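Engineer: Mind having a look at this structure? Questions to follow.
The values are calculated or read from the model by the stated rules, or taken from the named source; none is laboratory data. Source: prediction; values computed, not measured. Glycine also receives a Cβ, built like all others from the backbone with ideal geometry; neighbour counts cover every protein chain displayed.
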Amino acid sequence: MAQIEDISTLSARTMAQGVASGSWTAESLVRRVLDRLDDVQRRTNCLTYWNSVEALERAKSVDDKVRGGAVMPLAGVPIVVKDNIAVAGQPLTCSPKILAGYRSPFSSTVVQLLIKSGAIPLARANCDEFAMGSTNETSAYGPVRNPWDATRVAGGSSGGSAAAVGAGLVPLALGSDTGGSVRLPAAYCGIIGLKPGYGALSRLGLVAYGSSLDQIGVFARDLNDLSLVLPIVSQADPLDATWTGLRAPIDEGAVRTKSAASSFKMVSLATSNLEEVDASIRAAYDEKIRQLKDLGVAIEERSIPALRRGIATYYVLATAEAASNLSRFDGVRYGPRPSVSRSVVGLIEGARDQGFGLEVKRRIALGTFVLSAGYQDAYYNTAVKLRQSIAREFCALVDEFDGLLLPTAPRFPPHIAAEDLSGSSESTGQVSEYGSDVFTVGANLSGLPAMSVPIGWTLKDGSRLPMGMQVMARSEAKVLEIGRLLS
Amino acid sequence: MIQGEAVATNRYQPVVGLEVHCQLLTEHKLFCGCSTTKADSPNQNTCAICLGLPGVLPVLRRDPVELGIRLALAVGAEMQEWSVFARKHYFYPDLPKGYQITQYDRPYCRGGFIRLQSGTQVRLSRIHLEEDAGKSIHEGASSYIDYNRAGVPLLEIVSEPCISEVSDAVEYLRTLHSWVRALGVSDGNMEEGNFRVDVNVSLRLRGASELGTRCEIKNLNSFRHVERALSYEILRQQDLLESGSKVDAATLLFDPASGKTQVMRIKEASADYRYLDEPDLNPLRITRDWVDRVSTRMPTLPEVLRTRLSEEFGLQEDEIRLVMNDPALTRYYLSVAALTSASGLRPRQLAGWILGDLMAIVRRHDRTFDTAPIPSEEIADLLCRVARGELSGKLAKEILSAMAETGDSVAKVLERSGLSLKRASQDLVSMIDDLIRASPAEVAEFRKGKAKVLGHFMGQIMRQTRGQADPQECESLLLARLKAAP
């Protein structure tokens, strides 16, 4: 049995190969992860649930199957699952109080596919309540701290998943991305975060926030792990009418090597689009562009008007869909409800008032307003039309070019606002915080695949912080290929 | 209770629109695989999807759409190739997702009509598909929710507000009801709430184009209730307007005990359901091909059937209604008709036998025509023999009774009772021959062309056979033997 030197640097692929070849067992992998878990949790508060007994049982079951001759491409790989993605028997709380005590009776399709391949969902990740937020400070479990600077946020809404991979606890984690919630924390935590194209992965089992925008996304340290995982998790699901699968098959070989760079032509952003970007991030972005050019990639500078209109359009649509999707949380069938209520209205109002955090309430109110009679035309219907024009603009670009290169986050992760673990810490300037999504919402509005990759480090206020940039392309395969060029 | 007809002389004209929610006769719910059959206990036919648990998605099933297409074809509605599902939001414990998935501004069909017997056409505005909510059960200080019904597929059938007579409203509903049953679209069981009626009524000054304020009477579950509620409400509104008051827009419930409508809630403005196109479902595509396939598969359209029953089978209005109201009887009738079509059996004979004799037997045995004591093939056999002159009507009735009691075929009954066809005729022939020999004078009269003497012979034969003989058979045999006699 081989010795695992440092589990925090092993890729998922290596882990699974080791289990398949008998170099180590799934159980030993899980034990090594569990050994590190408390420390990572203390540092980052990235998890909301874990069960060592359950994890080891799952590992042993995988070991049995492998011994019995089963071929499992992800055998023994420990993963972390964002708390808004269902795993049967595990709590599903989305980090608010309104689902306290709720355990999902079924697993999401993506998790089922991963389990079938031998992966072990051994912990659930902290996230912004109902996936609404960019700093992971709205969680009832307290904020997630950045593994590189504990005074700063890990990003949101999938902060816990990003921190878990960023801290080297697990090689892969699942998050969800509605407006940038996988890519943003990936940039903040110095890892890779991929949002597949809309419909690539089944949404069954993902607690819906913005149904026409949501996708389950994947965090990884190693690009090759993504090419391993994507074909597995993108399989057909007849129970998701919006599933369409990957836009093009993944060629693992193409991702492993830098393909002929000179055959690529890409778009980078014009200065006018980059005004709000922090100088260090801007410098790193420019440097990467230069490196690509040196490799022979043809890069054209373009100004993308769609970026200006994206935020408002996104927030009108996402909050409308969120208000709709969260209507089911009424305290009647699951979750806590007020102990005394005089009427049906009182019960529902009480459950929602007590169960939802401030940011969620804010977005529900906004979403209800933009759909309400008299305002729907001016706000929601207008946003629908704007979305179509934004999508057209991005789709035209990815048709004409192999890829679009954008920053991911315009700024560095902010410091954690208040050390308030009660769940409704109010960031000052909430609306300006919405602005951190400026480069990410385009991919959700247009349904295109997009990925954030780490591009360097900088020193800021005495901490070494990672930086990321984004690739958008017409297929997940193309995104991965370009990611290889950037690495 | 004064009927709506009395209002016709008044200066106000009722303007009535009807909305029917009709539960579809499918095995499964609209968006999940749960069963729609009546469950023994609450919350038995539920799953994560119809309970709206976090993370679920709806998946549209084809069967409910097929049934929707059938009804659309029957009423001549215009099928929309593309239609869209929408979320209708409101909070209530029996609505698991906090929204109902329905169709809003793009239903799957528009228009259509149902023709009443008077020739009046009641135009339909639209029909659309939607899911039902669960049921609230109130017991004392507690309320319980049963989600067995949540997610069950419904058709909402909306008429134009073009009805002005109470009788027309009732006839429209009865017709629609019989059609959905005949088409296999719904069992139309009103007691179980599978066919629910909402009535919208306002009064308009005759000759004026401006409509009055509308009130909605909800959840009427019998035709009688519709009739009484509508009549009462028209009078109530009329009294208000005549006395100078105005009608307040309201949602009303009908109280059968008092015969009055009561305000459920005042409608200030129309409720804001914040409709949103359903992002989890693709638009519904109903192709020409699909419609054609449904058309070949579906039971006979009511109009076509009605025409057949009237023209081909010579049925009267009440008989037609009787047959069309009972899908099992319809099937039975058509089956027997097909099996006896070449026998020479006359339509009125068929009607008499099925709707008279057999109906009595079926009722006496407390069965339905699907479980009739005599299968359609057997009665067809019997009727063919009658048509061929092999059996007298009277004998056939006896045989019919025997068949119902014993379940035997015609042949077996005849065998059992010792009656053989040939022998019966032979007996008759010798009887006639004896008669002819015994009445030479009458025979001579007949030869001279006096057909009246036949009556003498017939009388004799009837007396001797104690009325058992079939008159037609006797007559033809008599003539034959008379001609053959020396």
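Engineer: Say we look at the range B:104-144 and pick out the residues that are under 21 Å from residue B:56 (Cβ atoms) and surrounded by 23 or more Cβ atoms within 10 Å (Cβ to Cβ); which of these is farthest from the chain's Cα centre (by Cα)?
Structural biologist: Filtering the range B:104-144 for residues that are under 21 Å from residue B:56 (Cβ atoms) and surrounded by 23 or more Cβ atoms within 10 Å (Cβ to Cβ), the one farthest from the chain's Cα centre (by Cα) comes out as B:134.
Engineer: While we're looking at this one, here's another question. State whether the residues of the range A:171-179 include one that is in a strand (DSSP E or B), crowded, with 24+ Cβ neighbours inside 10 Å, within 14 Å of chain B (Cβ to nearest Cβ) and not acidic (Asp, Glu).
Structural biologist: yes
Engineer: For the range B:11-56, name all the residues that are away from chain A (no Cβ under 14 Å), assigned to a loop (DSSP other than H, G, I, E, B) and surrounded by fewer than 18 Cβ atoms within 10 Å (Cβ to Cβ).
Structural biologist: B:11, B:27, B:37, B:38, B:39, B:40, B:41, B:44
Engineer: Give the residue, chosen from A:317, A:326, A:371, that is within 14 Å of another protein chain (Cβ to nearest Cβ) and more than 25 Å from the chain's Cα centre (by Cα). Lay out the reasoning, then the answer.
Structural biologist: Details: A:317 fails: more than 25 Å from the chain's Cα centre (by Cα); A:326 fails: more than 25 Å from the chain's Cα centre (by Cα).
Only one candidate qualifies: A:371.
Engineer: When you look at residue B:251, is it of a type in the set (Val, Ile, Thr), under 30 Å from residue A:371 (Cα atoms), within 33 Å of the chain's Cα centre (by Cα) and not in a loop (DSSP other than H, G, I, E, B), yes or no?
Structural biologist: So residue B:251 passes the test.
Engineer: Anything in the range A:55-93 that is in contact (Cβ under 8 Å) with a residue 60 or more places away in the chain and either surrounded by fewer than 21 Cβ atoms within 10 Å (Cβ to Cβ) or hydroxyl-bearing (Ser, Thr, Tyr) (or both)? List them, or say none.
Structural biologist: Within the range A:55-93, A:73 is the sole residue that qualifies.
Engineer: Out of curiosity, is residue B:328 free of Cβ contacts under 8 Å to residues at least 60 places away in the same chain and farther than 22 Å from residue B:412 by Cα? Walk me through how you get there before you give the answer.
Structural biologist: Values: free of Cβ contacts under 8 Å to residues at least 60 places away in the same chain: yes; farther than 22 Å from residue B:412 by Cα: yes.
In short, yes.
Engineer: Of everything in the range A:260-278, what is touching a Lys or Arg at 6+ places or on another chain (Cβ under 7 Å) and either at pLDDT below 85 or over 21 Å from residue A:305 (Cβ atoms) (or both)? Give them in sequence order.
Structural biologist: A:278
Engineer: Only residues that are in contact with an Asp or Glu (Cβ under 6 Å, 6 or more places away or on another chain), in a loop (DSSP other than H, G, I, E, B) and more than 13 Å from chain B (Cβ to nearest Cβ): list them for the range A:90-132, please.
Structural biologist: A:127, A:132
Engineer: Inside the range A:94-118, can you point out the residues that are surrounded by 24 or more Cβ atoms within 10 Å (Cβ to Cβ) and of a type in the set (Val, Ile, Thr)?
Structural biologist: A:98, A:109, A:110, A:111 - these are the residues of the range A:94-118 that are surrounded by 24 or more Cβ atoms within 10 Å (Cβ to Cβ) and of a type in the set (Val, Ile, Thr).
Engineer: For the range B:57-64, indicate whether the set of residues that are more than 14 Å from chain A (Cβ to nearest Cβ) and either closer than 30 Å to residue B:80 by Cα or not β-branched (Val, Ile, Thr) (or both) is non-empty.
Structural biologist: Yes, because at least one residue in the range B:57-64 is more than 14 Å from chain A (Cβ to nearest Cβ) and either closer than 30 Å to residue B:80 by Cα or not β-branched (Val, Ile, Thr) (or both).
Engineer: Turning to a different aspect of this structure: Can you pull out the residues in the range B:175-217 that are among the basic types (Lys, Arg), closer than 30 Å to residue B:38 by Cβ and at pLDDT below 90?
Structural biologist: Passing the criteria: only B:181.
Engineer: Residue check: is residue A:332 more than 22 Å from the chain's Cα centre (by Cα), hydrophobic (A, V, I, L, M, F, W, C) and farther than 30 Å from residue A:471 by Cβ?
Structural biologist: yes
Engineer: For the range B:145-152, state whether one or more residues are crowded, with 17+ Cβ neighbours inside 10 Å and either touching a His at 6+ places or on another chain (Cβ under 6 Å) or closer than 30 Å to residue B:171 by Cβ (or both).
Structural biologist: Yes: one or more hits.
Engineer: Can you pull out the residues in the range B:296-310 that are assigned to a helix (DSSP H, G or I) and under 19 Å from the mean Cα position of the chain (by Cα)?
Structural biologist: Hits for the range B:296-310 are B:297, B:302, B:303, B:304, B:305, B:306, B:307, B:308, B:309, B:310.
Engineer: Has the range B:185-194 got at least one residue that is under 27 Å from residue B:73 (Cα atoms), of a type outside the set (A, V, I, L, M, F, W, C), buried (at least 19 other Cβ atoms within 10 Å of the Cβ) and out of contact with any strand residue (DSSP E or B) (no Cβ under 6 Å at 6 or more places or on another chain)?
Structural biologist: no
Engineer: Separate question: Considering only the range A:344-368, how many residues are more than 25 Å from the chain's Cα centre (by Cα) and either buried (at least 16 other Cβ atoms within 10 Å of the Cβ) or more than 10 Å from chain B (Cβ to nearest Cβ) (or both)?
Structural biologist: The qualifying residues number 11.
Engineer: Identify, please: which residue in the range A:457-478 is small (Gly, Ala, Ser) and modelled with pLDDT under 95 and is, among those, farthest from residue A:231 (Cα to Cα)? So that I can check it myself, show each step before the final result.
Structural biologist: Filtering the range A:457-478 for residues small (Gly, Ala, Ser) gives A:462-463, A:468, A:473, A:475, A:477.
Then keep just the ones that are modelled with pLDDT under 95; that gives A:462-463.
On the way: A:462: 41, A:463: 37 Å.
Result: A:462.
Engineer: Can you work out which of the residues in the range B:270-283 that are in contact with a Lys or Arg (Cβ under 9 Å, 6 or more places away or on another chain) and either farther than 21 Å from residue A:321 by Cα or not in a loop (DSSP other than H, G, I, E, B) (or both) is nearest to the other protein chains (Cβ to nearest Cβ)?
Structural biologist: Kept after step one, since they are in contact with a Lys or Arg (Cβ under 9 Å, 6 or more places away or on another chain), are these residues of the range B:270-283: B:273-280, B:283.
Those still in the list that are either farther than 21 Å from residue A:321 by Cα or not in a loop (DSSP other than H, G, I, E, B) (or both) too: B:276-277.
Details: B:276: 5, B:277: 9 Å.
So the residue we want is B:276.
Engineer: Can you tell me which condition residue B:214 does not meet? The list is (1) under 17 Å from residue B:18 (Cα atoms); (2) surrounded by fewer than 16 Cβ atoms within 10 Å (Cβ to Cβ), and all the others hold.
Structural biologist: With (1) under 17 Å from residue B:18 (Cα atoms); (2) surrounded by fewer than 16 Cβ atoms within 10 Å (Cβ to Cβ) applied to residue B:214, the lone miss is (2).
Engineer: Exactly one condition in (1) under 17 Å from residue B:472 (Cβ atoms); (2) under 22 Å from the mean Cα position of the chain (by Cα) is false for residue B:371; which is it?
Structural biologist: Single failed check for residue B:371: (1).
Engineer: Considering only residues that are more than 14 Å from the chain's Cα centre (by Cα), closer than 16 Å to residue A:220 by Cβ and among the small types (Gly, Ala, Ser), which ones fall in the range A:142-186?
Structural biologist: A:167, A:168
Engineer: Do you know which of the residues in the range A:200-221 that are in contact with a helix residue (DSSP H, G or I) (Cβ under 7 Å, 6 or more places away or on another chain) and more than 14 Å from chain B (Cβ to nearest Cβ) is farthest from residue A:361 (Cα to Cα)?
Structural biologist: A:221
Engineer: So which of B:143, B:186 ends up being closer than 29 Å to residue B:82 by Cβ and not β-branched (Val, Ile, Thr)?
Structural biologist: After applying the criteria, what remains is B:186.
Engineer: Next question, about the same structure. For residues that are among the hydrophobic types (A, V, I, L, M, F, W, C) and at pLDDT below 65, scanning just the range A:396-442, find the one that is nearest to residue A:475 (Cα to Cα).
Structural biologist: Filtering the range A:396-442 for residues among the hydrophobic types (A, V, I, L, M, F, W, C) gives A:396-398, A:401, A:404-406, A:409, A:412, A:416-418, A:421, A:431, A:438-439, A:441.
Then drop every residue that is not at pLDDT below 65, which leaves A:418, A:421, A:431.
Working: A:418: 41, A:421: 40, A:431: 32 Å.
Taking the candidates together, the pick is A:431.
Engineer: For the range B:284-295, how many residues are surrounded by fewer than 17 Cβ atoms within 10 Å (Cβ to Cβ) and either touching a Ser or Thr at 6+ places or on another chain (Cβ under 9 Å) or outside any helix (DSSP H, G or I) (or both)?
Structural biologist: 2
Engineer: Quick check on this structure: which one of A:139, A:107 is out of contact with any Ser or Thr (no Cβ under 7 Å at 6 or more places or on another chain) and among the polar types (S, T, N, Q)?
Structural biologist: Residue meeting the stated conditions: A:107.
Engineer: Only residues that are assigned to a loop (DSSP other than H, G, I, E, B) and over 28 Å from residue A:17 (Cα atoms): list them for the range A:184-208, please.
Structural biologist: Within the range A:184-208, A:197, A:198, A:199, A:203, A:204, A:205, A:207, A:208 meet the criteria.
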